[in-house]
Amino acid sequence: MHNPKLVIKEVSSSYVHHGRELPVLNAVSLHVEQGEFVSLLGPSGSGKSTLLKIIAGLLRPALGTVILNGKELNGRTVKMGYMPQKDLLLPWKSLLYNAALPLLVQGTGKKEAYGRVRKLLPVFGLEGFENCYPSQLSGGMRQRAALLRTVLIDSEVILLDEPFGALDALTRERLQEWLLQIWEQFKRSVLFITHSIDEAIYLSDRIYMISERPGKIVLEQVISLPRPRARDIVTSPLFTEYKQILMKSLANESI
Ligand SMILES: Nc1ncnc2c1ncn2[C@@H]1O[C@H](COP(=O)(O)OP(=O)(O)O)[C@@H](O)[C@H]1O
Ligand SMILES: [Mg+2]
């Protein structure tokens, strides 16, 4: 660890369900360096979304700590760019309003908030669509709008919970490529959740594999593929090697 932006230390958590305790996370530790792209990869139900909610300050862990820039958060909510698993755009509001909402909630004036959204629209391929309602946008556009909103908040860490999970394969690949371009431009630290091995390898500098519930970290894998990454990198021998390592680990975890 050289310059950790975000450190998760021994976080454990459980839900109470029908009066019974359901352990969800088991002493999870991980870190994200300044400007690093890290993925958390694991089967569904392993507690990934729960962990992200804990980092975002929406849930308190039973045990453990979340440390941002060397300071313990202890449940304090800080400005963190968090994109939940569902995009949560308001159907009766325009793209412009939806994207500006977090700024408006923080007390930024309408004019400034809209101005900042407008500046980013071309970067996110949404120019000309600012007055559309979410139902008038394609799935990929809605996800880009939700990402724009997440990036707009001046946070150094961005938390993305399976942002491309519901998209068709082609749209998903295009958005992955596009996300890498954006990330190389903004250079924020990213913690990205996915259950796709290919997606995790293609995007990440480092991958943590989490086991089935109660989730614990079972593998940490550095991805040394060169950047910028063209799509055909997925056919390279090194990519295949990483894929084999991760598939083996996932298979061991899902018996
Ligand atoms: N609010 C809740 N109350 C009770 N159980 C929950 C709640 N949220 C999630 N769970 C359970 O906790 C486990 C982990 O959920 P989640 O963090 O959403 O996993 P993942 O994102 O990896 O799919 C699942 O078994 C899920 O059913
Ligand atoms: Mg989830």
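Annotations
- Residue list for the stretch 56-105, restricted to those being in a loop (DSSP other than H, G, I, E, B), charged (D, E, K, R) and either within 22 Å of SER29 (Cβ to Cβ) or out of contact with any Phe, Trp or Tyr (no Cβ under 9 Å at 6 or more places or on another chain) (or both): ARG60, ARG76, LYS79, LYS86, ASP87
- Taken over the stretch 191-208, the criterion of being among the hydrophobic types (A, V, I, L, M, F, W, C), away from ligand 2 (no atom under 15 Å from the Cβ) and in contact (Cβ under 8 Å) with a residue 60 or more places away in the chain is satisfied by ILE197, LEU203, ILE207.
- Residue list for the stretch 36-68, restricted to those being on the phi > 0 side of the Ramachandran plot and either more than 16 Å from ligand 2 (Cβ to nearest atom) or among the hydrophobic types (A, V, I, L, M, F, W, C) (or both): GLY57, GLY64
- Look at (1) touching a Leu at 6+ places or on another chain (Cβ under 7 Å); (2) within 13 Å of ligand 1 (Cβ to nearest atom); (3) in contact (Cβ under 8 Å) with a residue 60 or more places away in the chain; (4) closer than 23 Å to SER204 by Cβ and you find that VAL32 fails only one, number (2).
- Given (1) in contact (Cβ under 8 Å) with a residue 40 or more places away in the chain; (2) away from ligand 2 (no atom under 16 Å from the Cβ); (3) under 24 Å from VAL117 (Cβ atoms), number of the condition GLN85 does not satisfy: (2)
- The single residue among GLN221, GLN181 that is surrounded by fewer than 20 Cβ atoms within 10 Å (Cβ to Cβ) and assigned to a helix (DSSP H, G or I) turns out to be GLN181.
- Across the stretch 132-163, the qualifying residues are those that are touching a Ser or Thr at 6+ places or on another chain (Cβ under 7 Å) and either at positive phi or assigned to a helix (DSSP H, G or I) (or both), and the one among them that is surrounded by the most Cβ atoms within 10 Å (Cβ to Cβ) is GLU162.
- Of all residues in the stretch 122-131, those that are crowded, with 16+ Cβ neighbours inside 10 Å and under 15 Å from LEU101 (Cα atoms) total 1.
- Residue-level analysis places SER29 outside the set of residues that are of a type in the set (S, T, N, Q) and assigned to a loop (DSSP other than H, G, I, E, B).
- Among the residues of the stretch 51-79, just one is within 16 Å of ligand 1 (Cβ to nearest atom), closer than 15 Å to GLU10 by Cα and free of Cβ contacts under 8 Å to residues at least 40 places away in the same chain, namely ARG60.
- Check on ILE223, free of Cβ contacts under 8 Å to residues at least 24 places away in the same chain and within 27 Å of ASN3 (Cα to Cα): yes
FYI, it's all coordinate maths here, none of it is from the lab. Bear in mind the structure is a predicted one, so any value in this text is a computation, not a measurement. Note: ideal-geometry Cβ built from the backbone for every residue, glycine included; neighbour counts use all protein chains shown.
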